[in-house]
Amino acid sequence: MKKRLCHIVATICIIAFAGLTGFTGAVCAEELPEVNIKVSQAMMPKTSLTHKLIEEFAENVTKRTEGKITFKIFGPEIGDWTELERMTKRGAVDMQFNAFDTGLDARWNFFTLPFMVSNWDQVRKVFSKGGIVTELGEKWAQEKGLHYLGPWLNNLASLGMQEKVVTNAEEAKGLKIRVPPIDTYKCFVEKMGFSPVTIPWAEAPTAVATGLVDGWVGSGAVYMYDLFRDVAKVMIVTYDSPETWHVTYNLKKWEKLPEAYQAIITEEVDKVIAKHLELVEKEEMDNQAKLIEAGWTVKVPAPEDLEAWKSSCLECWKKYESVVGKDNLEKLRQEAQN
């Protein structure tokens, strides 16, 4: 009789806990382990939409697990974004919102192709979960010891200049532009008419301030306002490159999590990915307005000038056909245009 009573109590516990938290497995709360997850992004200010949504994600997971899962959240203080990826692969960090380092896999240049998307409607098509970015991200991340949870379009990047307003290849001649250590950026900056100079992200504002370079690529208005507003004065709205991030988890650690935890983390990541895609355009526009208030010139090139730049930059795609797959490039084109 006592055994039957215990079974009934356990069953009630399972049903109640599942209803409160969303657990799908037949597991009682007290049977699940306590887990502290280290999650990080390495570049965005803590006031940014990205960082706030990471905090929201963590809060929701903790709530749904009744405190069984807690988080330690890191921001830019953790170090360079390339080091963060290696930390996640090693398991020093469990989970990251971060770009893929093309130095570890040349195929990852796919996610950094110039003019991969050119407007916010295309952003919402290509970076919604389930498209070609997700398909390739899942496959390639697993090969590198990462579990792929979804794509994260951090922002659409434009051209930042210290003081010169440049809107065509002729005006770009002789000007030096900071690029990240990613081959696609070097390619398209050259196609725009500039001279690329590879400089780590953390050193970019100083390079601009000292005149080592005349400008930079790889950042939207959020970064420009947060890091460059006192050392530069011009934004050329080119939307030339997506800052493609991904949400990934150390694969070995992911496989050790209970299935109930995996399900909740996946569901909550899906929610913030969707929310970010809804709000990222507004974040960009708000920060462009803040730059103007700070005395910056925010210039949109004439359509014919922008189209000429875009046409030249798209020549870089040909270079990566053999690396990322011609079929994948065609899928991307169709996805962006449909």
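Quick note: the coordinates plus some simple rules give every number you see, no bench work behind them. Note that the coordinates shown come from a computational prediction; the quantities given were computed from them, not determined experimentally. Cβ placement follows ideal geometry from the backbone for every residue including glycine, while neighbour counts extend to all protein chains displayed.
Any idea what log10 I(q)/I(0) is at q = 0.22, 0.31 Å⁻¹ for the stretch 263-302, Debye with uniform C-alpha scatterers and no solvent? Summing over Cα pairs of the stretch 263-302 leads to -0.73, -0.95.
With angles folded into 0 to 90 degrees, how steeply does helix 2-21 sit against the dominant principal axis of the chain? Use alpha carbons for both and round to 10. For helix 2-21, the angle is close to 20 degrees. The angle separating the long axis of helix 303-313 from the principal Cα axis of greatest extent in the chain is about 70 degrees.
When a/c reaches 1.5 or more, the comparison of a/b and b/c decides; with that in mind, is the stretch 23-181 rounded, prolate or oblate per its Cα gyration tensor?
Prolate shape, in that a/c is at least 1.5 and a/b is the bigger ratio.
Farthest towards the positive end of the charge dipole of the chain, among the residues Ile132, Ser40, Ser312, is the Cα of Ser40, using unit charges on the Cβ of Lys, Arg, Asp and Glu.
To the nearest 0.05, how large is the calculated FRET efficiency for Glu293 and Glu143 if R₀ is 45 Å and r is the Cβ-Cβ distance? The computed FRET efficiency comes out at 0.45. Relative to the longest principal axis of the chain, what angle (0 to 90°, nearest 10) does the C-alpha long axis of helix 326-337 take? Helix 326-337 sits at roughly 90 degrees to that axis. Please identify, among Val179, Val35, Val298, the residue showing maximal mean-square fluctuation in a Gaussian network model of the chain using a 10 angstrom Cα cutoff. Fluctuation is largest for Val35.
By how many nm would the segment from Glu55 to Leu314 lengthen if fully extended, with 0.36 nm per residue of separation less the alpha-carbon distance? Provide the component values of the computation, followed by the final result.
On the way: separation 259, 0.36 × 259 = 93.24 nm, distance 3.67 nm.
This chain segment gains 89.6 nm when fully extended.
When you work out D = kT/(6 pi eta Rh) for the chain at 4 °C and 1.567 mPa s, using the Kirkwood radius from C-alpha pairs as Rh and the Stokes-Einstein form, the result is 61 µm²/s.
Here is the link list: Lys38/Lys326; Lys271/Lys318; Lys38/Lys139; Lys290/Lys331; Lys144/Lys282; Lys129/Lys253. Which ones come out longer than 31 Å on Cα distance?
Numbers: Lys38/Lys326 37 Å; Lys271/Lys318 35 Å; Lys38/Lys139 24 Å; Lys290/Lys331 37 Å; Lys144/Lys282 34 Å; Lys129/Lys253 23 Å.
Table pairs above 31 Å Cα-Cα are Lys38/Lys326; Lys271/Lys318; Lys290/Lys331; Lys144/Lys282.
For the stretch 232-328, the gyration tensor built on C-alpha atoms gives an oblate shape. Its axis ratio a/c (a ≥ b ≥ c) is at least 1.5, and a/b is not larger than b/c. Counting only DSSP beta bridges with both residues in the chain, the antiparallel share comes to about 55 percent. Counting only lysines at least 8 places from Lys164 when in the same chain, those with an alpha carbon closer than 19 Å to its own are Lys173, Lys176, Lys191, Lys233, Lys299.
Relative contact order of the chain, taken over Cα pairs closer than 8 Å and 6 or more residues apart, is 23 percent.
With Rg and the Kirkwood Rh both taken from Cα atoms, where does Rg over Rh land for the stretch 88-166? Present the calculation step by step, with values, prior to reporting the outcome.
On the way: Rg = 14.7 Å, Rh = 14.3 Å.
Radius of gyration relative to Kirkwood radius: 1.03.
Restricting the stretch 160-202 to trypsin sites (Lys or Arg not before Pro) that sit in a DSSP loop and have at most 12 other Cβ atoms within 10 Å of their own Cβ leaves Lys173.
Which peptide among 88-99, 203-214, 52-63 comes first, and what is the full order, when sorted by highest mean count of other Cβ atoms within 10 Å?
So the peptides 88-99, 203-214, 52-63, ranked by packing, come out 88-99, 52-63, 203-214.
If you run the Gaussian network model on the chain, springs between alpha carbon atoms under 10 Å, then out of Ser158, Ser128, Ser311 the most flexible one is Ser311.
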